[in-house]
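Each remark here refers to the structure printed beneath this line.
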Amino acid sequence: MRKITIAIDGYSSCGKSTLAKALASHLHYTYADSGAMYRCITLYALRKGVIKDGSFLPEEIIKLLPEIKLSFEFNPATKSSDTFLNGENVEKDIRLMIVSENVSRVSAIHEGRVHMIAIQRELGKNRGIVMDGRDIGSNVFPDAELKIFMTSDIEIRTQRRYDECISKGQHVSYGDVKLNLIHRDYEDTHRKENPLVQAKDAVVLDNSDLTREQQLEFVVNLVHDLRIPQD
Ligand code: DC
């Protein structure tokens, strides 16, 4: 079957990356996590002390962009790709709460978005990719053959993210995780540039009451319904 582009967008902690990884593995496609890229800029800025004690200087973050080299490598243990920042595996560090607390503001910086979107388009230029994020169907790949817009109940999303943080040994409270998600939803949908919006041709997937298997089946059926011709 000819390879296509699949865009999965939606609110924070809806399970986008879980579904995107499973789908990419099922179709033998590349999986790309665009949120991880914005998290890398945020982590780098935190490490450089450019984001500190609530102070945030976009001009200083822009100056750091040329120093940031991103790459992705398949990890056979997790059967998914890990994110590398200047050669260091930062898959764990980019998920820290301090990064989550600052990433929305960082992702709103115009120059950072231009830089990241160019990398995302390069990754997807040969199709055969499942990319998840906020503006993938609406902006990065407007011609994607399949666009999914994911949503889920806020309590379910909070519980999922809270469990994920705890399983990684992070000390967080349920309330803080919930507030962070509400805050990020607001920031992501209200920013000026490439906000989270449902693309007109996206299929909505509310997974509040769906298992992972049911979600995968739903999307695989959508791919089959596209009746993509053979090469
Ligand atoms: O999917 P995530 O939670 O790892 O994303 C982290 C942040 O990055 C999210 O709060 C919004 C931003 N983001 C974005 O602006 N555009 C994307 N395509 C992906 C993520």
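Assorted remarks:
- With the whole protein complex present, Glu155 retains an accessible surface near 80 Å², based on a 1.4 Å probe.
- Rolling a 1.4 angstrom probe over the chain with all protein chains present gives an accessible area of which 53% lies on carbon and sulfur atoms.
- Of the residues Met97, Met1, the one with the largest accessible area comes first in the ranking Met1, Met97, computed with a 1.4 Å probe on protein heavy atoms.
- Exposure ranking of Phe74, Phe218 by accessible area [1.4 Å probe, largest first]: Phe74, Phe218
- 32 Å Cα-Cα threshold exceeded, pairs from Lys92/Lys178; Lys79/Lys178; Lys168/Lys200; Lys63/Lys192: Lys168/Lys200
- By accessible area with a 1.4 Å probe, ligands and nucleic acids excluded, highest first: order of Asp132, Asp53: Asp53, Asp132
- Solvent exposure of the chain, expressed per residue, is 50 Å² of accessible area, with all protein chains present and a 1.4 angstrom probe.
- Cα shape, the chain, gyration tensor, a/c 1.5 rule: prolate
- Estimated at the nearest 10 Å², the accessible area of Tyr186 is 130 Å² with a 1.4 Å probe.
- Cβ-based charge dipole, the chain, positive-most Cα from His171, Ala199, Gln120: Gln120
- A crude spin-label estimate for the pair His224 and Met97, with each label 7 Å from Cα along the Cβ direction, gives 4.4 nm.
- Counting charges near Asp9 (Lys, Arg +1; Asp, Glu -1) among other residues having Cβ under 11 Å from its Cβ returns a value of 0.
- Solvent-accessible surface (1.4 angstrom probe) belonging to His26, in square angstrom, nearest 10: 100
- When the trypsin sites (Lys or Arg not before Pro) in the range 55-149 are filtered for DSSP coil states and for at most 16 other beta-carbon atoms within 10 Å of their beta-carbon, the remaining sites are Lys69, Lys79, Lys92, Lys125, Arg127.
- Euclidean distance between Cα centres, the range 22-53 to the range 91-150, Å: 8
- Dipole magnitude for the chain: about 340 debye, using +1 per Lys or Arg Cβ and -1 per Asp or Glu Cβ, origin at the Cα centre.
The values are calculated or read from the model by the stated rules, or taken from the named source; none is laboratory data. In this text, all values refer to a predicted model and were calculated from it rather than measured experimentally. Using ideal geometry, Cβ is built from the backbone for each residue, glycine included, and neighbour counts are taken over all protein chains shown. The accessibility values were calculated without ligands, DNA or RNA, using every heavy atom of the protein model including side chains. Shrake-Rupley method; radii C 1.70, N 1.55, O 1.52, S 1.80 Å.
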